[in-house]
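Below is one structure, written out as C-alpha cells, with a few remarks after it.
What follows is calculated from the coordinates using simple rules that are stated; it is not laboratory data. Model, not experiment: these values are computed from the prediction. Backbone-built Cβ (ideal geometry, glycine too); neighbour counts: all protein chains shown.
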Amino acid sequence: MGKREKLLEAIRNNPVDIPFETIKNLLFYYGCTLRVKKHYVFSHPALDYIITIPRGRKIKAVYAKEAIRMVDDIIDALSKD
C-alpha cells in the first residue's frame, strides 16, 4: 500500500480535522483543478460534478468525505478507460 492509499484510508477512518492543504494536494494528485472564489471549487474532467469547500474555515468532516468520494469516482472512471 502506497503513501496515497494510506492517506485515503486514514481520511476514510477519521475525516475530522483534516488540513485543507492535505485535501488540496490529494485532489491535485488525482488531476483535479481548483477555482477559488468565495469557496474552493474542485472539478475533474472525468466527472460531471464538482465539490465546493468554504474558504477561511476549518475543513468539516463532510467536505473530507466528499473529497474521498471524488477521488474514488476518479479512480473508478479512469480504470474504465
Kirkwood Rh, the chain, all Cα pairs: how many Å? 12.9
Quick one: if the Förster radius is 25 Å, what FRET efficiency do LYS80 and ALA10 give, using the C-beta to C-beta distance and rounding to 0.05? 0.40
Place the peptides 14-23, 48-57, 1-10 in order of packing, highest mean first, counting for every residue the other Cβ atoms within 10 Å and averaging per peptide. 14-23, 48-57, 1-10
Pairs of Cα atoms under 8 Å, at least six residues apart: use those to get the relative contact order of the chain, whole percent. 32
Computed helical MRE - 222 nm, the chain, DSSP H runs ≥ 4 contributing -39500 (n - 2.57), nearest 500: -16000 deg cm²/dmol
Which order results if SER43, SER79 are arranged by neighbouring Cβ count within 10 Å, fewest first? SER79, SER43
